[in-house]
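Here the structure is laid out as structure tokens; the discussion comes afterwards.
Nothing in this text is a laboratory measurement; each read-out follows from the coordinates by a stated rule. Everything numeric in this text was worked out from a predicted model, so none of it was measured. No Cβ is skipped: glycine too gets one built from the backbone with ideal geometry, and neighbour counts run over all protein chains shown.
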Amino acid sequence: MKDVSREPTPDLRSDPDVPGDIRYDPDLAVHEPAEIPGEPSVPSRRRSPLLLFPLGLLLLAIAVYVLFGLIANEGRTPSDYLDEIRIRRVDAWEPAFQLSRLLAERDAKGLDPRFVPDLITTFESSRDEDPRLRRYLALSLGEVRDPRAVGALLEALHDTDAQTAIYAAWALGALGDPRAAPGLIPLLDHEDPGLRKIAAYALGALDVPESLPPLRALLHDPVEDVAWNAALSLARQGDRSGLPLLHRMLDRAYLDGVQRADESGRPRALTEEQKEDAIKNALRSLVLLGDTGALDDIRRLRDGDPNLRVRQEAFGSLEALPKAGQR
């Protein structure tokens, strides 16, 4: 019987070392870099009260399962999870997911010296396994920030599973090793917008001059957030070519008109969180570039944007930008 279990929806986590805290947001991707479970329907208020009792038992069972799962996971090391991955034949993606979360929360310097080579070997041997396992192992390699993983991740860019390639590209960006650039640059021309977007993000983290011309060309990509990532990555490398687009990303009227395809392919407007992230990332890029060409727009955001976090970001941007003042 085919496994139909759902894994927790992961996030391709922000890189804490990125100047200005510009981050990759998977929610802005045209193709999500993860399998997103469908939202359960809201229980009808007209249901018979008799149906609530078994539902309550189900919720209680889930709570107990989660509680005991947390207790069982407490105190486990990355090596413990890796051992479980290698032993399990079914649902090995579950400990791989837990491993990626654990590595995101701890300092890789304290790892067992054998852990990274073993993790790379496990990743390389997972080519014919459940794609979910390979994706979370790629995330884990990105979290350890070890340059020895570059070769294995570059190979994964050619996986037939596009999501695995996206995870591998993110991990290469997290590693920040310039040797990854020759493998990432061709992805800027890929037919999959999700791969174009993550490649643009990762190249911004690598800071290699060879990536600048193709990133500039990507500013005209027909998919808006692919072009946005190109502008953000150019800014991270000190290139001002994306300034007009960064200025436009401050305009809520423009963002209100941007639509993204959902899982069924139907166009949907950006959520408020997605608009917030777009504006904040644009503001951080303008600060990185020291650009004062949109001060009036930033002041409007500071004084009247409906989102408090956007107003706070605009306030901080005005403080950081030269000649901005606090007018």
Point to revise | Amide H within-cut-off set for Arg260, under 5 Å, with H built and near neighbours excluded | key: Arg268, Ala269, Leu270
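So for Ile279, Ile87, Ile166, fewest C-beta neighbours within 10 Å to most, what's the order?
On the way: Ile279 23, Ile87 9, Ile166 30.
Ascending Cβ contact count within 10 Å gives the list Ile87, Ile279, Ile166.
Compute the Cα gyration tensor for the range 229-327, then decide on rounded, prolate or oblate, letting a ≥ b ≥ c be the square roots of its eigenvalues: rounded whenever a/c is under 1.5, prolate when a/b is larger than b/c in the other cases, and oblate in all that remain. Before the final figure, lay out the partial values.
Numbers: a/c = 2.50, a/b = 1.46, b/c = 1.71.
Since a/c reaches 1.5 but b/c is at least a/b, the shape of the range 229-327 is classed as oblate.
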Review point. Taking θ as phi - 60°, what are the ³J(HN,Hα) couplings along the range 161-178 by the Karplus curve (6.51, -1.76, 1.60), each to the nearest whole Hz, with x for Gly and Pro?
Key: 7, 4, 5, 4, 4, 5, 4, 5, 5, 4, 4, 5, x, 5, 5, x, 8, x
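As a footprinting exposure proxy, order Lys280, Lys109 by other Cβ within 10 Å, with the fewest listed first.
On the way: Lys280 24, Lys109 7.
Listed from fewest to most nearby Cβ atoms, that is Lys109, Lys280.
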**Study point:** Loop GluC sites (Glu not before Pro), the range 177-281, which have at most 13 other Cβ atoms in a 10 Å radius of their Cβ (DSSP)
**Key:** Glu191, Glu263
Study note, to complete from the structure: Listed with the fewest Cβ neighbours within 10 Å leading, Phe115, Phe123, Phe97, Phe315 appear as Phe315, Phe115, Phe97, Phe123
